[in-house]
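Trainee: For reference, the structure I am asking about is given below.
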């Protein structure tokens with residue numbers, strides 16, 4: 001070996017040996033929390049705590065904010081304060097808490113209090129708490145898993161399925177909205193979508209649906225009851241056939257539901273029928289969804 005070449009090789013070896021090693025992916029601790037499906041509408045509920053007292057939360061990922069029910073917080077001895085809003089004559093209640101825990105996530109301070117009551121749950125767990133960590137949802141197996149991986153930005157996180165569909169999403173972290181927004185193709189046209197653990201079925205806004213050829217009176221449509229919209233206004237719901245694709249994952253004979261969503265601004269929400277038929281990991285660190293089908297259909301019937 002020539003001296004000059006030997007010097008280059010030796011120098012390169014020194015550089016490589018002195019370079020910091022790439023950080024390995026550390027999945028960290030995973031916290032598994034059972035999900036109970038309560039009532040006739042199979043509402044997904046987990047048990048957490050408020051000020052160290054058991055507190056039942058409905059999983060509500062389609063909403064950003066976590067809220068508590070007035071009767072439940074007053075039963076714990078918490079004071080509810082009424083605060084004026086920017087809307088004339090509309091106040092909002094808040095209660096100060098020492099600690100609210102839901103699975104792996106905890107938070108203290110003021111929470112919005114609503115004049116709602118349910119025999120099955122005491123409040124709603126919104127995306128601001130649900131998605132502070134990576135969140136795995138498996139309604140078919142009755143659990144959620146929360147974790148906070150480190151050094152895993154380029155790692156494939158669906159350890160259970162090397163062929164899982166992976167798509168990217170965005171969220172408005174700057175304004176405290178952690179909901180994942182991504183594109184779903186309906187009849188070949190993209191619709192901005194998110195995941196709604198609280199929605200019994202996958203819903204598409206009626207105006208958006210009409211742009212991709214889905215209407216209440218289309219061939220194959222069937223009435224599916226009513227939903228409550230803005231100011232509790234009843235809205236017609238129809239189940240309609242559609243060709244649905246999420247990345248490379250496609251169901252050409254899917255059934256989705258259309259309803260006028262009024263002022264929600266949400267074009268499409270993948271509901272519990274999607275989460276019962278698929279195992280889903282929402283990686284907040286990577287801004288990616290990992291999806292594994294559990295059935296032959298994209299949406300459970």
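Trainee: Looking only at segment 31-60, count every residue that is in a loop (DSSP other than H, G, I, E, B), modelled with pLDDT of 95 or more and either touching a helix residue (DSSP H, G or I) at 6+ places or on another chain (Cβ under 6 Å) or on the phi < 0 side of the Ramachandran plot (or both) and tell me the total.
Mentor: Going through segment 31-60 one residue at a time, the tally reaches 2.
Trainee: Would you check if residue 71 is under 15 Å from the mean Cα position of the chain (by Cα) and touching a residue at least 40 places away in the same chain (Cβ under 8 Å)?
Mentor: no
Trainee: Grab the strands (runs of 3 or more DSSP E) fully contained in segment 105-190, keeping just those with 3 or more residues being on the phi > 0 side of the Ramachandran plot, touching a residue at least 60 places away in the same chain (Cβ under 8 Å) and touching a helix residue (DSSP H, G or I) at 6+ places or on another chain (Cβ under 8 Å).
Mentor: Result: empty, no element qualifies.
Trainee: Next question, about the same structure. Please go through segment 225-246 and pick out each residue that is modelled with pLDDT of 95 or more and at positive phi.
Mentor: none
The values are calculated or read from the model by the stated rules, or taken from the named source; none is laboratory data. Note that the structure is a prediction, hence the values are computed from the model and not measured. In this analysis, Cβ positions are derived from the backbone assuming ideal geometry, glycine residues included, and neighbour counts consider all displayed protein chains.
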